[in-house]
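Report on the structure given below.
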């Protein structure tokens, strides 16, 4: 199988069918042998039912995984990747914030053999932002980026660690995600740190991105967990 597309979802009942059909169309138009994996992270809306109802309407295999309890985006992505079968795995945020066609450059970069991980970036030459974040999220993003670079020693040539659009060699993805311990929004930083520790090269590619203003991310509710995960990662990799 060429490509597994993993989409974590929490209370995305109004949008998830759009993600599924967009992923299905992308796989078909590019002649990929693939699968779509939706991981319902303990949603309390109809995300699971809407996803299941799409099963007979897609050309490619649709695997819907339902987690009984909301455990965090990192855990949802981990579950999807560990259940994937593709030679390559693409993890993409729900809400079509990045069109799937953006992954073609990342796929080429990995298939060329030099890289095992290709991260989408909103901050490099060739990137384009159609719909901006609001001021609060922009500020938090800058603080987050500063902390990642200077506290966790994330390489400065990685311009965007938090863009929810990343490609992995399938075997490498399972190796790294099987070791993942952070379940929240800092999971991408842990995967980068694990990859560096294992000696894998990471490349970025530009994407066209639009902010999902209807995002389920609550900055105020997530702040304590983010701080706790920063401390955990610092102790695990730096101190």
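The values are calculated or read from the model by the stated rules, or taken from the named source; none is laboratory data. Because the structure is a prediction, the values reported are computed rather than measured. Quick reminder, even Gly has a Cβ in these numbers, built from the backbone with ideal geometry, and neighbours come from all protein chains shown.
Among residues of region 63-85 that are at negative phi and at pLDDT 95 or above, those with a beta-carbon under 6 Å from a residue that is assigned to a loop (DSSP other than H, G, I, E, B) and crowded, with 21+ Cβ neighbours inside 10 Å at least six positions away or on a different chain give the pairs 74/182.
For region 20-49, give me each residue that is part of a helix (DSSP H, G or I) and under 22 Å from residue 68 (Cβ atoms). Let's see the steps before the verdict.
First, the residues of region 20-49 that are part of a helix (DSSP H, G or I): 20-29, 47-49.
Selection gives 20, 47, 48, 49.
Scanning region 142-153 for residues that are closer than 12 Å to residue 226 by Cβ and surrounded by 13 or more Cβ atoms within 10 Å (Cβ to Cβ) yields 144, 147, 148. Looking only at residues in region 34-58 that are out of contact with any strand residue (DSSP E or B) (no Cβ under 8 Å at 6 or more places or on another chain) and over 21 Å from residue 212 (Cα atoms), the one that is surrounded by the fewest Cβ atoms within 10 Å (Cβ to Cβ) is 56. Per the conditions (1) under 24 Å from residue 102 (Cα atoms); (2) at pLDDT below 95; (3) surrounded by 15 or more Cβ atoms within 10 Å (Cβ to Cβ), the sole criterion not satisfied by residue 158 is (2). State yes or no: is residue 208 over 25 Å from residue 10 (Cα atoms), in contact with a strand residue (DSSP E or B) (Cβ under 9 Å, 6 or more places away or on another chain) and touching a residue at least 60 places away in the same chain (Cβ under 8 Å)? Considered against the rule, which asks whether it is over 25 Å from residue 10 (Cα atoms), in contact with a strand residue (DSSP E or B) (Cβ under 9 Å, 6 or more places away or on another chain) and touching a residue at least 60 places away in the same chain (Cβ under 8 Å), residue 208 comes out as no.
Here is a yes/no grid of residues against (1) at pLDDT below 95; (2) assigned to a loop (DSSP other than H, G, I, E, B); (3) over 15 Å from the mean Cα position of the chain (by Cα):
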| position | (1), (2), (3) |
| --- | --- |
| 147 | yes, no, yes |
| 167 | no, no, no |
| 173 | no, no, no |
| 185 | yes, yes, no |
| 193 | no, no, yes |
| 215 | yes, yes, no |
| 225 | yes, no, yes |
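What number of residues in region 50-72 are outside any strand (DSSP E or B) and closer than 18 Å to residue 20 by Cα? Don't jump to the end; show me each part of the working.
Just the residues of region 50-72 that are outside any strand (DSSP E or B), to begin with: 50-60, 68-72.
Going one step further and asking which of them are closer than 18 Å to residue 20 by Cα, we end up with 50-60.
Of the residues in region 50-72, 11 are outside any strand (DSSP E or B) and closer than 18 Å to residue 20 by Cα.
Do any residues in region 124-138 that are at negative phi and part of a helix (DSSP H, G or I) have Cβ atoms under 8 Å from those of residues that are surrounded by 10 or more Cβ atoms within 10 Å (Cβ to Cβ) and at pLDDT below 70, where the two are at least six apart or on different chains, and which pairs are they? What qualifies is 136/219; 137/219.
Can we say residue 107 is farther than 28 Å from residue 128 by Cα, in contact (Cβ under 8 Å) with a residue 12 or more places away in the chain and surrounded by fewer than 21 Cβ atoms within 10 Å (Cβ to Cβ)?
no
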